[in-house]
Amino acid sequence: MACLLETPIRMSVLSEVTASSRHYVDRLFDPDPQKVLQGVIDMKNAVIGNNKQKANLIVLGAVPRLLYLLQQETSSTELKTECAVVLGSLAMGTENNVKSLLDCHIIPALLQGLLSPDLKFIEACLRCLRTIFTSPVTPEELLYTDATVIPHLMALLSRSRYTQEYICQIFSHCCKGPDHQTILFNHGAVQNIAHLLTSVSYKVRMQALKCFSVLAFENPQVSMTLVNVLVDGELLPQIFVKMLQRDKPIEMQLTSAKCLTYMCRAGAIRTDDNCIVLKTLPCLVRMCSKERLLEERVEGAETLAYLIEPDVELQRIASITDHLIAMLADYFKYPSSVSAITDIKRLDHDLKHAHELRQAAFKLYASLGANDEDIRKKIIETENMMDRIVTGLSESSVKVRLAAVRCLHSLSRSVQQLRTSFQDHAVWKPLMKVLQNAPDEILVVASSMLCNLLLEFSPSKEPILESGAVELLCGLTQSENPALRVNGIWALMNMAFQAEQKIKADILRSLSTEQLFRLLSDSDLNVLMKTLGLLRNLLSTRPHIDKIMSTHGKQIMQAVTLILEGEHNIEVKEQTLCILANIADGTTAKELIMTNDDILQKIKYYMGHSHVKLQLAAMFCISNLVWNEEEGSQERQDKLRDMGIVDILHKLSQSPDSNLCDKAKTALQQYLA
């Protein structure tokens with residue numbers, strides 16, 4: 001019986017709760033405006049810090065009524081303002097609350113409220129809009145739907161420090177990508193916000209700073225403009241430098257460092273400028289210290305990784321600043337068992353976010369080790385580093401896995417490490433596992449790294465081959481993602497380099513000639529170049545050339561003809577002629593060229609081409625065909641003489657290019673021998 005009673009009890013509790021909230025909603029419908037105002041004020045006091053009460057009022061339909069009162073011309077300004085305050089309080093509850101407000105079309109109602117002449121009402125509307133737009137469930141596009149909104153917000157910036165704070169916060173949260181940056185920039189965001197950096201209000205300065213960081217990110221136009229902006233006679237970069245000094249709040253230091261970093265990466269500030277080398281970089285290294293809060297360490301490391309990523313000199317400076325490489329090792333030990341965190345809430349938060357530290361450390365290690373061999377060595381020699389990366393490859397967080405793969409990829413550019421640490425830790429095993437089933441963004445980096453592990457001097461090459469890599473890579477060449485096609489074919493090209501016949505046969509069988517020719521007509525130039533590279537590596541050493549051409553000769557010659565006739569650049573045609581030169585080096589394969597007059601005419605044409613690279617490649621073909629120590633050389637020489645090849649050789653032996661001249665003389669000697 002107890003089970004049967006359970007439902008009514010729950011219902012009665014719910015009805016009790018909603019009943020206690022209902023009178024708040026009922027008072028909104030009172031005919032006396034004064035009682036309505038008092039009802040809204042009482043509701044405001046009831047919902048502050050009370051999420052349950054907020055949810056109840058939303059369920060009971062308070063939102064549509066509040067919005068109605070907010071928009072009614074007959075409502076007093078005080079009532080409208082109190083309605084906006086209550087709506088802002090409801091928005092500060094859960095994400096579901098915000099969704100409910102959005103469903104009631106709160107944003108157009110609040111934007112309309114901004115047209116009021118009353119400043120207090122405008123501020124209440126902006127405060128509520130700020131709360132809604134900073135919620136992750138609100139689409140940023142809602143700010144840009146009506147073209148009149150942004151210019152009106154720019155105009156409101158001068159009204160009060162509250163309008164400045166809220167509008168800057170709305171802009172910094174709703175500026176996602178180049179389109180938004182352009183809209184804000186074109187409506188004078190830089191000029192309107194710059195003077196706010198000297199505001200007496202810390203909150204205004206901070207929000208203005210955040211605005212500039214999102215406006216400058218990957219945007220050369222904005223960044224170039226910012227460099228020359230003057231505020232009270234001082235250039236903006238100088239103001240940013242002052243804001244990242246040690247005596248400023250950490251949040252301000254970090255955001256100023258981000259502004260300077262983004263301007264530097266966008267090409268507006270040189271990487272060797274003192275404000276980067278002596279100010280921004282050391283500030284970001286400071287943020288990585290274990291004295292800082294978790295989110296500060298994450299942001300510091302990720303911003304530093306972005307700053308130094310393309311510049312080897314900055315990588316070297318960072319690597320020797322404040323023992324950064326060793327300092328990052330602490331990111332993997334956090335929170336430690338003897339953690340200094342006494343605040344239980346903070347500890348709980350940090351445990352949930354510790355993976356972000358690992359991700360940030362991997363990203364920064366990847367940037368640090370991008371170019372310099374000594375730095376890579378230091379990173380790898382950091383305690384348990386390789387084990388940590390290998391562990392990172394199988395973490396549940398996709399972002400950590402991606403950062404770990406990127407880090408590994410950066411370190412795999414070292415020949416020394418490929419031969420030692422990578423082999424000692426059998427890195428290829430977890431990498432192959434990652435490649436079996438991962439999102440494209442991870443696959444692109446992991447497959448790129450596999451290209452390095454398949455280089456001919458890498459000890460990992462053999463075990464990777466044995467673990468089914470050929471099938472996996474051939475599968476990648478069929479991807480819709482061009483980066484994956486490039487990496488798949490690139491890895492196969494590395495695999496085929498100086499490989500034994502069996503491996504080459506496996507590649508051709510798994511890839512299939514149909515797919516090989518699809519790749520040769522790929523719209524992506526990189527795919528085409530790497531496929532030609534693969535073909536060139538497959539067609540090396542005579543027995544291999546003859547074997548492959550005996551089974552696939554007709555299709556290969558067809559593909560070569562198509563490429564030489566097509567609208568391709570010099571590099572593509574040079575690679576194709578080099579493939580022909582390899583075929584001409586075969587014992588039986590060269591007959592496929594000698595019996596194909598069309599191909600012979602093409603070789604002749606390229607011997608007289610205006611580009612030396614193509615002339616040289618065509619000369620390699622001729623040299624291999626006329627070499628007199630090989631069977632049938634006399635007949636081949638005669639046929640080529642009849643075609644006028646000898647006359648061209650005489651002409652080329654006078655070439656100002658020494659390489660071409662030597663090759664022509666060597667070929668002519670074959671006729672004389």
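The values are calculated or read from the model by the stated rules, or taken from the named source; none is laboratory data. Fair warning: this is a prediction, and the values are worked out from it, not measured in the lab. Ideal geometry is used to build each Cβ from the backbone, glycine not excepted, and the neighbour counts take in all protein chains shown. For the accessible areas, the whole protein counts, side chains as well, though only heavy atoms, and no ligand, DNA or RNA atoms are used. Shrake-Rupley method; radii C 1.70, N 1.55, O 1.52, S 1.80 Å.
Values as computed for the structure displayed
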quantity: Some residue of the stretch 612-625 being at negative phi, part of a loop (DSSP other than H, G, I, E, B) and surrounded by 18 or more Cβ atoms within 10 Å (Cβ to Cβ); calculated: no
quantity: Residues (open to solvent by 30 Å² or more (accessible area, probe 1.4 Å), at pLDDT 95 or above and not hydroxyl-bearing (Ser, Thr, Tyr)) located in the stretch 46-70; calculated: Pro64, Arg65
quantity: Residue that is surrounded by the most Cβ atoms within 10 Å (Cβ to Cβ) [pool: residues in the stretch 76-90 that are hydroxyl-bearing (Ser, Thr, Tyr) and more than 16 Å from Leu114 (Cβ to Cβ)]; calculated: Ser89
quantity: Filter result (closer than 14 Å to Leu102 by Cα and touching an Asp or Glu at 6+ places or on another chain (Cβ under 9 Å)) within the stretch 135-152; calculated: Ser135, Pro136, Val137
quantity: Lone qualifier among Ala505, Ala491, Ala559 - being closer than 23 Å to Met619 by Cβ, of a type in the set (A, V, I, L, M) and either assigned to a helix (DSSP H, G or I) or in contact with a helix residue (DSSP H, G or I) (Cβ under 8 Å, 6 or more places away or on another chain) (or both); calculated: Ala559
quantity: Qualifying residues in the stretch 134-155 (those that are open to solvent by less than 10 Å² (accessible area, probe 1.4 Å) and outside any loop (DSSP other than H, G, I, E, B)) - the one farthest from Ala189 (Cα to Cα); calculated: Leu143
quantity: Breaking point among (1) more than 29 Å from Glu140 (Cβ to Cβ); (2) touching a residue at least 40 places away in the same chain (Cβ under 8 Å); (3) surrounded by fewer than 18 Cβ atoms within 10 Å (Cβ to Cβ), for Lys35; calculated: (2)
quantity: Number of the condition not met by Lys363 [criteria: (1) touching a residue at least 60 places away in the same chain (Cβ under 8 Å); (2) of a type outside the set (A, V, I, L, M, F, W, C); (3) outside any helix (DSSP H, G or I)]; calculated: (3)
quantity: Given (1) out of contact with any Cys (no Cβ under 8 Å at 6 or more places or on another chain); (2) open to solvent by 60 Å² or more (accessible area, probe 1.4 Å), index of the condition Gln654 fails; calculated: (1)
quantity: Residue in the stretch 98-112 that is farthest from Gly49 (Cα to Cα), counting only those that are of a type outside the set (Val, Ile, Thr) and open to solvent by less than 10 Å² (accessible area, probe 1.4 Å); calculated: Ala109
quantity: Tally of residues being more than 55 Å from the chain's Cα centre (by Cα) and not acidic (Asp, Glu) across the stretch 647-673; calculated: 5
quantity: Which listed residue, of Ala109, Ala189, Ala124, is of a type in the set (A, V, I, L, M) and within 30 Å of Tyr262 (Cα to Cα); calculated: Ala189
quantity: Pick from the stretch 590-611, criterion hydroxyl-bearing (Ser, Thr, Tyr) and surrounded by fewer than 12 Cβ atoms within 10 Å (Cβ to Cβ), ranking: farthest from Ile579 (Cα to Cα); calculated: Ser610
quantity: Members of the stretch 89-118 found to be under 19 Å from Met43 (Cβ atoms), at pLDDT 95 or above and in a loop (DSSP other than H, G, I, E, B), listed by number; calculated: Cys104
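Quick grid of which residues meet (1) assigned to a helix (DSSP H, G or I); (2) more than 20 Å from Val231 (Cα to Cα); (3) open to solvent by less than 50 Å² (accessible area, probe 1.4 Å); (4) not polar (S, T, N, Q):
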{"position": "Phe121", "(1), (2), (3), (4)": "yes, yes, yes, yes"}
{"position": "Cys125", "(1), (2), (3), (4)": "yes, yes, yes, yes"}
{"position": "Gln164", "(1), (2), (3), (4)": "yes, no, yes, no"}
{"position": "His173", "(1), (2), (3), (4)": "yes, yes, no, yes"}
